[in-house]
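A short worksheet on the structure shown next.
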């Protein structure tokens, strides 16, 4: 159960993809952080998919952070989930002192110079890199991760080369890549990537994931992807 506010950014299939993929790498003893958690959708979904006892999220927008806390209470997850209202670029934030086993992020996809920016500030910041850039997210993830910890992100495929380069610059080595396609015959529009802090070079490219079939229904493989690791 999750409450949303249409005046704020509402989650889409990318959040579902990220939570289901990330759950493969979260163990019971792990501490998890979601950078830019919005209304709390990824922490809530992760709590149903894995047994981690501590899943945190940080969100800059005060209204979104309050909604995330409300969603955690609504699902009675206060004992496992915690939301911080703060700026991931501010290293004086108390939560920046914690070291995490897994850091996930569904960051703004679009550079400020690209595309029309929404007139609503909250929606604009969720889509465009107005309040944090890709470099900001990766630097924060690198700082928060334990040695050998996993950084897991979803992003637009058009920026894949740039993202791999910036991950390497932050000593988070790309280890696994999953290309996501709307349907067979279409170009990949999203990808999921997992990097490990301090790892050696070596990347495993998984078989592609197709979301819809020719009839516009979810494919069996996507349904199976979403059923995996369900702890509920």
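The values are calculated or read from the model by the stated rules, or taken from the named source; none is laboratory data. On a predicted model such as this, the values are computed, not experimentally measured, just so you know. So basically every Cβ, Gly included, is an ideal-geometry build from the backbone, and we count neighbours across all protein chains shown.
Table for the structure above
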item: In region 22-40, residue surrounded by the most Cβ atoms within 10 Å (Cβ to Cβ) [restricted to those that are in contact with a strand residue (DSSP E or B) (Cβ under 9 Å, 6 or more places away or on another chain) and in a helix (DSSP H, G or I)]; result: 22
item: Test: residue in region 158-169 that is surrounded by 12 or more Cβ atoms within 10 Å (Cβ to Cβ), touching a helix residue (DSSP H, G or I) at 6+ places or on another chain (Cβ under 6 Å) and closer than 17 Å to residue 18 by Cα; result: no
item: Region 206-227 - residue that is within 24 Å of residue 101 (Cβ to Cβ) and in contact with a strand residue (DSSP E or B) (Cβ under 8 Å, 6 or more places away or on another chain) and, of those, modelled with the highest pLDDT; result: 206
item: Region 170-213, residues that are surrounded by 14 or more Cβ atoms within 10 Å (Cβ to Cβ) and without any contact (Cβ under 8 Å) to a residue 24 or more places away in the chain; result: none
